[in-house]
Amino acid sequence: MFFNKHKIENFFKSALIHVFLMIVVVSCLFPIFWMVRSSLMSNATIFVDPSLIPQELHWSNYVVAWTKGNFAVYFLNSMIYTISVVMGIVVVSSLAAFAFSRLKFPGRDFLFYIFVAAMMIPLPGSFVPIFVLMNKLHLVNTRLGYILCMINVGLCLSILLLKTFFDKMPSDLEDSARMDGCNRIQIWWHVALPLAAPALAVIVIYNSLNVWNEYILATLLLSDNNLMPLQRGLMVFNGAYQVDYPVLMAGLTMTAVPIIAIYFLMQKHIVKGLSSGTIGGLYDPA
Amino acid sequence: MFSKAVPRHNQAISFDAFKNFLFVLPAVGIFSIFYIYPFFDLFNLSLHQWQGIGPKTFVGLQNFQELWGDKVWWSSMGHAGYITLIALTFQNALAFALAVACDREIRMKRFYTLIFFIPPVLSEVIVGILWNWILNAGTQNGQPIGLFNHLLVQVGLPNLVHNWLSDPASALTCIAVVHAWKGFGWGFIMLLAGLQTIDRQLYEVAKVDGAGSWTTFWNVTVPMMVPVIMVVVILTILGSMQVFVLILSLVNQGLVYHTEVPVTRILSSMSVTNQFGYACAQAVVFGIILVVVSFALKSLSNRMKQA
């Protein structure tokens with residue numbers, strides 16, 4: 001039994017596959033490990049000590065980044081932007097998707113197709129006219145300006161995702177809610193939104209990642225240090241004449257940890273959103 | 001009697017329709033201001049000469065004429081093409097191999113999937129700064145301080161130690177490899193999802209017919225995967241051609257011509273030389289190229305589906 005040729009062959013085959021997969025796993029994780037390791041070195045040792053685990057762990061780098069490096073402000077700003085943009089997108093896109101799916105008004109389908117078409121057309125360099133517009137509206141260097149811009153960025157995809165979801169939802173519950181005297185807005189709030197929770201989860205995660213990681217609009221629209229989010233702050237720090245690498249690495253780690261944590265917690269939804277074809281399938285809706 | 005009833009009825013309907021329209025009003029409002037208006041303004045500005053402030057001069061197609069002869073612009077297009085080529089071949093082949101490996105009955109499948117998608121959730125700024133640190137070319141006491149150069153010395157290849165990110169011969173390849181490192185997880189997840197929709201019975205039939213695993217792969221797996229592969233190819237092209245934040249953060253010695261891509265050109269036309277009209281002309285041309293390429297590929301994939 002043990003010397004069954006087929007079994008041995010299979011064993012070696014899967015061992016080889018595991019070795020291949022493990023090499024890729026290590027190449028994914030090692031740079032991240034190196035980032036954390038470098039964030040715990042001191043300025044005196046970081047350039048000369050090649051060891052994997054530093055002898056002394058300098059947690060003070062995190063304190064320096066948080067206070068002197070202004071990361072407390074950047075972090076708070078990133079939180080403010082992410083939470084308000086995501087809440088804005090959820091409300092605005094679910095109202096619109098509900099109407100596109102369930103309510104009737106002239107020009108409904110036309111409007112919906114414009115939203116879909118906008119998603120299919122890549123618009124590189126759209127930051128130029130957006131910057132011009134924000135200047136005209138005096139929204140440069142304001143939180144509101146950046147938040148509105150970012151709501152727009154996530155809007156089309158969220159509307160499309162929710163509309164497809166509402167289209168598949170049976171209308172019995174809505175009908176009985178209508179019998180009970182609920183008006184449109186009550187149906188949206190009490191029936192449609194709770195039922196759409198799985199789709200909303202995908203939207204919340206996808207947009208949170210997007211806003212937290214956004215860089216170019218934050219750079220063009222926010223030049224005031226007190227309004228900058230983390231990504232922008234990291235680049236400011238990175239662009240300094242004398243880069244303090246341990247503190248920079250601490251800043252990177254602080255920026256990466258929340259997003260990796262959210263990813264681990266919500267992994268199921270992210271993979272579901274991606275693989276259900278809703279995000280990837282945009283270019284192949286037929 | 002009839003003529004009186006109709007207007008009232010119509011009024012009720014139109015008021016109802018108006019109330020329905022209120023649901024989409026916030027979305028339409030934000031979208032019109034922050035998408036539709038800038039979209040048309042992009043075309044409008046591309047026909048003007050403008051420094052961002054002061055008066056605009058209408059110059060017709062002069063910006064486009066200038067762009068036609070702009071060597072730096074077209075070489076930046078070539079650089080983006082090179083990054084895209086590596087993403088299409090190396091990155092997607094890796095993603096496909098990993099997806100095929102994870103599609104079979106294998107232990108720790110969920111662990112692998114979990115890890116492979118970590119680089120894609122990190123921001124381009126984080127990835128760029130982190131890899132800049134790893135590829136750092138600085139030296140201290142004659143020893144390279146960057147991890148990569150340090151490892152080269154350790155494995156006995158000190159001749160290879162050099163400034164990977166500023167040497168024109170290696171800079172673009174480094175950018176492309178880091179881009180692939182960040183991006184292969186996307187392709188992996190989408191391809192794996194595609195593989196899992198293939199009916200297992202097809203594999204059984206192929207086995208009964210005596211097909212080896214290699215034959216099965218080429219004659220069952222690959223043809224079934226063509227639609228998914230095409231989606232991944234289109235998304236890879238659109239994503240890689242437009243990469244630029246990664247380059248800004250990875251190559252921190254400032255932009256040099258050999259690492260310029262179209263979007264960094266647009267950005268510097270706008271914010272370095274203040275040629276807003278020219279920046280918009282570049283954006284229009286680049287946008288049209290991307291639209292043409294992605295629609296051509298899409299119609300190609302539709303034709304392949306029918307065949």
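Determine the shape class of chain A: with a ≥ b ≥ c the square roots of the Cα gyration tensor eigenvalues, call it rounded for a/c under 1.5, and otherwise prolate if a/b is greater than b/c, oblate otherwise.
Note, shape of chain A comes out oblate.
Roughly how far apart, in whole Å, are the Cα centres of region B:226-292 and region A:1-53?
Cα centres, region B:226-292 to region A:1-53: 34 Å.
Full extension from A:Leu57 to A:Leu195: what is 0.36 nm times the residue separation minus their Cα-Cα distance, to one decimal in nm?
44.8 nm
Run the helix sum for chain A: -39,500 (n - 2.57) per DSSP H stretch of 4+ residues, divided by residue count, reported at 222 nm to the nearest 500 deg cm²/dmol.
Dividing the helical sum by the residues of chain A leaves -23000 deg cm²/dmol.
Report the residues of region B:141-184 in range of a label on B:Tyr257: point 7 Å along Cα→C-beta, backbone N strictly under 17 Å from it.
Backbone N within reach: B:166-172.
Give the average, rounded to an integer, of partner chain Cβ atoms located within 10 angstrom of each Cβ in B:38-44.
Across the residues of B:38-44, the mean count of other-chain Cβ atoms within 10 Å is 5.
All other residues with a Cβ under 12 Å from the Cβ of B:Leu192 taken together, and with Lys, Arg as +1 and Asp, Glu as -1, what is their net charge?
Net local charge, B:Leu192 excluded: +2.
Exposure proxy check: B:Val272, B:Val232 ranked by fewest other beta carbons within 10 Å?
B:Val272, B:Val232
Take every residue in peptide A:146-154, count the Cβ atoms of other chains within 10 Å of its Cβ, and give the average of those counts.
Per residue, the number of nearby Cβ atoms from other chains is 3 on average.
For n ≥ 4 DSSP H runs only, could you compute -39500 (n - 2.57) per run for chain B, divide by its residues and tell me the 222 nm figure to the nearest 500?
The helix-only estimate for chain B comes to -22500 deg cm²/dmol at 222 nm.
At R0 = 45 Å, how high is the FRET efficiency between B:Arg303 and A:Met87 if r is their beta carbon distance? Nearest 0.05 is fine.
E between B:Arg303 and A:Met87, to the nearest 0.05, is 0.55.
Find out how many positive minus negative residues lie around B:Ser75, taking Lys and Arg as positive, Asp and Glu as negative, among other residues whose Cβ is under 13 Å from that of B:Ser75.
For residues surrounding B:Ser75, the net value is 0.
Would you kindly compute the Cα radius of gyration of region B:163-307 and its largest Cα-Cα separation (Dmax), both in Å?
Cα radius of gyration and Dmax of region B:163-307 are 20.6, 68 Å respectively.
In peptide B:105-118, how many Cβ atoms from other protein chains are near each Cβ within 10 Å, on average?
Per residue, the number of nearby Cβ atoms from other chains is 4 on average.
How many angstrom separate the Cα center of region A:114-151 from the Cα center of region B:139-165?
Centre-to-centre distance over Cα atoms comes out at 44 Å.
Give me B:Trp73, A:Trp34, B:Trp214 ranked fewest to most by other Cβ atoms within 10 Å of their Cβ, as a rough exposure proxy.
Final ranking by Cβ density, sparse to dense: B:Trp214, A:Trp34, B:Trp73.
Based on other C-beta atoms within 10 Å, arrange B:Ser268, B:Ser294, B:Ser249 from fewest to most.
In increasing order of surrounding Cβ atoms, one gets B:Ser268, B:Ser294, B:Ser249.
If a/c stays under 1.5 just call it rounded; otherwise compare a/b with b/c (prolate if a/b is bigger, oblate if not). Do that for chain B, with a ≥ b ≥ c from the square roots of the Cα gyration tensor eigenvalues.
oblate
Filter the DSSP H helices in chain B by two things, a Kyte-Doolittle mean of at least 1.0 and an axial alpha-carbon span of 18 angstrom or more, and list the hits by number.
What comes out of the filter, once short or polar helices are dropped, is B:168-196, B:222-241, B:276-306.
For the protein assembly as shown, what does the alpha-carbon gyration tensor say about shape, rounded, prolate or oblate, given a ≥ b ≥ c as the root eigenvalues, a/c under 1.5 as rounded, and a/b over b/c as prolate?
Taking the square roots of the gyration eigenvalues as a ≥ b ≥ c, the protein assembly as shown is oblate.
Within region B:24-40, whose backbone N sits under 11 Å from a point 7 Å along Cα→Cβ of A:Lys136?
B:33-34, B:37-40
Place the peptides A:131-143, A:114-126 in order of packing, highest mean first, counting for every residue the other Cβ atoms within 10 Å and averaging per peptide.
Ranked by mean Cβ neighbours within 10 Å, highest first: A:114-126, A:131-143.
For A:Phe264, put the label point 7 Å out on the Cα→Cβ axis and report which residues of region A:18-34 keep their amide N under 16 Å from it.
A:29-30, A:32-34
Read the figures in this text as sums done on the coordinates, not as results from a lab. Computed from a predicted structure; not experimentally measured. Cβ sites come from the backbone with ideal geometry, for glycine too, and all protein chains shown count toward neighbours.
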